[in-house]
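*Asks:* Take this structure, written in structure tokens, and hold onto it; I'll ask about it next.
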Amino acid sequence: MTTLQRLGTAAAVIGILSAAPAFAQDIPADAANFYTSDKVVTQPVTFRNQYRMDIAGNLFLPKGMDQNAKHAAIIVGHPMGAVKEQSANLYAAKMAERGFVALSVDLAFWGGSAGEPRNAVSPDLYAETFSAAADYLGTRPFVDRDAIGVIGICGSGSFAISAAKIDPRLKAIATISMYDMGAANRNALNKSQTLEQRKKIIADAAEQRYVEFTGGETRYTSGTVHEITENSHPIEREFYAFYRTPRGEFTPEGSSPLLTTHPTLTSNVKFMNFYPFNDIETISPRPLLFITGDQAHSKEFSEDAYRRAAEPKELFYVKGAGHVDLYDRVGLIPFDKLAAFFKKNL
């Protein structure tokens, strides 16, 4: 996830962040966000969601795949504020290497997908992206429409769950380093944000609507800081190490590095009304797999979802892994665990 989590406070970060000098970040040796495979054929695709918005994706096929046969397929959603080139393509390529058709997607309003204004927050349209991807995959002649699964990374974990509750075509759901984007914005990490602090954020966003309605400048919130200092919080450093260094930095065409990962202030409050884990038990008997690092600052969300979900379900901890580690560290990401889960259930 690219939200600052407010680091135990309620203060949303507005506008351009600190201009202090950046501090060096070591890139782990096993970080492979921009991984490519000679065992996989990749092609860009575009398809429309239910609201006639174009959704951009990358389709990954095992090289030499029999296109006259039916194959299981997996939709992969990127972290909140990211794009498919950040983490989702890596997971899709690795799943294709293991024999699956895989489709990484840009959520509506992000990357190559349609939606104005750019970087807008709409939990319903984010969830719709997964259902639109099922529309696309389920109409490919080489895909078994009764064998479509989902991998949701970070915020996309909560969007995939939201989609699965009302789309039974999503037959098996795995989440990675999941963030409940609703709870994260209402309460912050470890429920450290007060109701009064929440109300202040909502009031600021409402007032900003007047500014933008009358032609004023759009304001952005949260996201990953652009500089770190000796006083930067460990969570700021963790996200900076991925999004602001060659390890994972990517700016979509037509965007600006100053805007990447930052949602609009006025739309971000939509998350306050987002409760993806309500009725999560109704997904059963379709299986759920929650994967989180045992050192991840976000593990509370996977644990909460697991408690609420009905069987079959599994909570899997990756030993020694933090939140961002599972974005791209191929030495830690349990790809074989994911493949076994989908082979069993698709």
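*Asks:* I need a count of the residues in the range 72-108 that are in a loop (DSSP other than H, G, I, E, B) and either touching a Ser or Thr at 6+ places or on another chain (Cβ under 7 Å) or closer than 21 Å to K344 by Cα (or both).
*Replies:* So the answer is 12.
*Asks:* What number of residues in the range 331-346 are surrounded by 16 or more Cβ atoms within 10 Å (Cβ to Cβ) and in a loop (DSSP other than H, G, I, E, B)?
*Replies:* 4
*Asks:* Looking at the range 260-330, what helices (runs of 4 or more DSSP H) fall wholly within it and have at least 3 residues that are charged (D, E, K, R) and surrounded by fewer than 22 Cβ atoms within 10 Å (Cβ to Cβ)?
*Replies:* On the way: elements: 265-268, 299-308, 325-328.
By residue number, 299-308.
*Asks:* Could you list, in sequence order, the residues of the range 179-199 that are under 18 Å from P79 (Cβ atoms) and among the hydroxyl-bearing types (S, T, Y)?
*Replies:* Y179 - this is the single residue of the range 179-199 that is under 18 Å from P79 (Cβ atoms) and among the hydroxyl-bearing types (S, T, Y).
*Asks:* Does A56 count as small (G, A, S), closer than 20 Å to A32 by Cβ and part of a strand (DSSP E or B)?
*Replies:* Answer is no for this residue.
*Asks:* Of the conditions (1) surrounded by 20 or more Cβ atoms within 10 Å (Cβ to Cβ); (2) more than 15 Å from N119 (Cα to Cα), I202 satisfies every one except a single condition; which number is it?
*Replies:* Condition not satisfied by I202: (1).
*Asks:* While we're looking at this one, here's another question. Being touching a residue at least 40 places away in the same chain (Cβ under 8 Å) and within 22 Å of G112 (Cβ to Cβ) is the filter here, so list the residues in the range 255-269 that pass it.
*Replies:* We begin by selecting, within the range 255-269, every residue touching a residue at least 40 places away in the same chain (Cβ under 8 Å); these are 255, 258-269.
Once the filter is applied, which keeps residues that are touching a residue at least 40 places away in the same chain (Cβ under 8 Å) and within 22 Å of G112 (Cβ to Cβ), the range 255-269 yields S255, L258, L259, T260, T261, H262, P263, T264, S267, N268.
*Asks:* Take the residues of the range 161-199 that are among the aliphatic types (A, V, I, L, M) and assigned to a loop (DSSP other than H, G, I, E, B): which is surrounded by the most Cβ atoms within 10 Å (Cβ to Cβ)?
*Replies:* M178
*Asks:* Mind telling me which of the residues A88, A96, A92 ends up being small (G, A, S) and in contact (Cβ under 8 Å) with a residue 60 or more places away in the chain?
*Replies:* Being small (G, A, S) and in contact (Cβ under 8 Å) with a residue 60 or more places away in the chain holds for just one of A88, A96, A92, which is A88.
*Asks:* Count, please, the residues in the range 309-324 that happen to be of a type in the set (G, A, S) and more than 28 Å from R247 (Cβ to Cβ).
*Replies:* Counting residues in the range 309-324 that are of a type in the set (G, A, S) and more than 28 Å from R247 (Cβ to Cβ) gives 2.
*Asks:* Do you know which residues across the range 125-144 are among the aromatic types (F, W, Y) and part of a helix (DSSP H, G or I)?
*Replies:* Within the range 125-144, Y126, F130, Y136 meet the criteria.
*Asks:* With the condition kept exactly as written, say whether any residue in the range 112-123 is buried (at least 19 other Cβ atoms within 10 Å of the Cβ), in contact with a strand residue (DSSP E or B) (Cβ under 9 Å, 6 or more places away or on another chain) and either in a strand (DSSP E or B) or at pLDDT below 95 (or both).
*Replies:* no
The values are calculated or read from the model by the stated rules, or taken from the named source; none is laboratory data. This structure is a prediction, so every number in the text was calculated from the model and none was measured. Neighbour counts run over all protein chains shown; Cβ positions are idealised from the backbone, glycine included.
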